[in-house]
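What follows is a single structure, written as structure tokens, with notes after it.
The values are calculated or read from the model by the stated rules, or taken from the named source; none is laboratory data. Here the structure is a predicted model, which means the values were calculated and not measured. We place every Cβ from the backbone using ideal geometry, glycine too, and count neighbours over all the protein chains shown. Each accessible area value is taken on the protein alone, full model and side chains, heavy atoms only, with ligands, DNA and RNA left out. Shrake-Rupley method; radii C 1.70, N 1.55, O 1.52, S 1.80 Å.
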Amino acid sequence: MDTPLADRLRPKKLKEYVGQEHLLGKGKPIRSMIENKKISSMILWGPPGCGKTTLAYLVAQSIDAAFVPFSAVTSGVKEVRQVIADSKQRKEFYKQDTIVFIDEIHRFNKAQQDAFLPAVEKGVITLIGATTENPGFEVNAPLISRSHVYVLKQLTDAEMRVIVNRAVKKYPQNSFAKEAMNHVITYANGDARSAINAVELSVTISSDRSRPVTTKKINKITLQIAEEALQQKSLYYDKKGDYHYDTISAFIKSMRGNQPNAALHYLARMIKAGEDPVFIARRMVIFAAEDISNAQPTALVLATSTMQAVHMVGMPEAQIILAQCATYLATAKKSIASYSGLMEAMHDIESMKLDPIPLHLRNPSNKVMKQEGYGKGHVRYPWQEERKGKKVVQEYLPENLKGKKYYRTEWK
């Protein structure tokens with residue numbers, strides 16, 4: 001069986017590596033480590049297909065270190081101890097350093113991470129972890145403190161084009177239409193592995209297995225073949241990770257900024273990635289009360305109805321309801337008067353002493369309370385008195401907050 005194209009294309013030298021110039025450019029941190037041959041433990045955090053594993057391999061190769069891949073899923077503390085023992089022997093007898101590479105380090109449990117700590121601290125091993133998850137949440141603080149965390153960026157279209165061109169050149173018997181290559185680059189969405197796999201599958205689909213191997217016929221890879229190979233956009237979205245929070249944040253901010261087009265874009269991202277539609281609707285209910293409030297009270301009614309409708313109808317039709325609500329909220333008048341007033345009132349409660357509730361606002365539930373002045377002088381329906389032309393002066397706030405304004409319409 002042939003080695004997968006993605007593995008055959010993996011760079012063998014640093015100069016062949018594509019992307020991450022902020023880490024590998026001249027004078028940049030990982031480049032400096034490699035040139036000085038002083039490699040520290042590090043955690044590479046970035047989206048799928050951005051080159052984390054390849055970079056770890058090249059770092060190990062640069063110092064002639066043993067490269068030991070370690071699985072967080074299939075290995076336990078026993079295997080960790082064996083790796084450490086082997087590394088000690090390697091260092092003692094062969095004067096060779098060991099780089100332990102842990103892919104998906106966020107899957108490591110606490111016991112596994114703790115078992116590596118002493119070896120990392122003493123320099124027995126250099127640990128390189130790779131993760132698509134925020135290591136600040138998923139990796140133990142002691143291990144984070146002994147490692148550099150480097151953020152790898154999603155590959156740009158220009159960088160993806162370099163990689164796709166390399167992949168295409170591996171198949172000289174095939175001619176890729178420009179539209180097909182553009183489709184692979186666009187829909188791989190910065191994931192080099194996905195793009196390479198799409199090129200490989202496109203060739204497989206287009207090949208005429210009945211023709212002799214010696215034929216000089218050139219296979220044409222059309223846009224239709226590329227679309228068939230990709231099936232759908234390679235969209236990375238973890239419903240429990242940063243992409244989840246980043247996307248819903250962008251969605252909310254777009255509605256807040258009166259941008260229905262951007263709101264629909266981020267809504268489409270979430271729908272395409274399989275986000276829970278009830279979660280989206282619930283966030284819009286909160287938004288309607290916080291950001292629109294009494295400037296357009298029907299917003300809360302519509303948002304609440306949307307959440308109920310989404311729950312009753314379900315996907316895929318519920319996406320139409322979500323789109324209607326999102327565009328309504330994005331174009332509605334805005335007011336934070338209620339929300340800001342509540343926050344200011346909460347702040348005063350936390351930072352100021354609480355004076356007693358005025359006696360005239362308290363309910364005289366018995367004779368003793370009535371004798372103490374509870375409810376005395378209270379005007380129950382001041383608006384009725386004002387209709388009769390009488391002026392009603394009645395304080396509702398505690399003594400130390402008299403005249404305080406929390407609900408200010410200028411906050412609209």
Would you mind telling me the share, in percent, of accessible area of region 157-232 contributed by carbon and sulfur at probe 1.4 angstrom?
-> 51
Restricting attention to the alpha-carbon atoms of region 157-232, what are Rg (one decimal) and Dmax (integer), both in Å?
-> 11.9, 37
Carbon and sulfur together cover what percent of the accessible area of region 54-141 at a 1.4 Å probe radius?
-> 49
Counting other Cβ atoms within 10 Å, keep those with at most 11, restrict to DSSP loop, and tell me which trypsin sites (Lys or Arg not before Pro) in region 145-210 are left.
-> R209
Using θ = phi - 60° and the Karplus curve 6.51 cos²θ - 1.76 cosθ + 1.60, what whole-Hz ³J(HN,Hα) does each residue of region 255-266 get, with Gly and Pro shown as x?
-> 5, 5, x, 6, 10, x, 5, 5, 4, 5, 4, 6
In Å and whole numbers, how far do the C-alpha atoms of region 307-412 stretch along each principal axis, longest first?
-> 65, 33, 30
Using the Cβ atoms and a cut-off under 9 Å, what net charge is assigned to the surroundings of L397, where Lys and Arg are +1 and Asp and Glu are -1?
-> -1
Which angle from 0 to 90°, rounded to the nearest 10, does the C-alpha axis of helix 52-62 make with the longest principal axis of the chain?
-> 50
Grab the alpha carbons of region 141-185, take their convex hull, and tell me the volume per residue in Å³.
-> 102
Long-range share for region 273-363, i.e. C-alpha pairs more than 23 Å apart as a percent of all pairs, stands at 42
Give the cross-link partners of K376 among the aspartates and glutamates, using a straight C-alpha distance below 13 Å as the criterion and excluding same-chain residues fewer than 8 apart.
-> E395
Relative contact order, percent, the chain [alpha-carbon distance under 8 Å, six or more residues apart] = 12
What accessible area per residue comes out for the chain, rounded to a whole number of Å², with a 1.4 Å probe?
-> 58
Quotient of Cα Rg and 2.2 N^0.38 Å for region 19-151, N being how many residues it contains = 0.99
Expected 222 nm ellipticity per residue - DSSP helices of 4 or more, -39500 (n - 2.57), all of the chain, to 500 | -15000 deg cm²/dmol
Equivalent-ellipsoid semi-axes of the chain, from the Cα gyration tensor, Å, largest first = 60, 33, 17
Any trypsin sites (Lys or Arg not before Pro) in region 67-126 that lie in a DSSP loop and have at most 11 other Cβ atoms within 10 Å would be K95
Cβ-Cβ cut-off under 14 Å around T156, Lys and Arg +1, Asp and Glu -1: the net charge is -2
How much of the accessible area of region 362-412, in percent, comes from carbon and sulfur atoms when a 1.4 Å probe is used?
-> 49
Compute the long axis of helix 337-351 from its Cα atoms, compare it with the longest principal axis of the Cα atoms of the chain, and write down the angle in degrees, 0 to 90, nearest 10.
-> 80
Determine the alpha carbon to alpha carbon distance for each of K13/K110; K13/K170; K153/K220 and list only those over 26 Å.
-> K13/K110; K153/K220
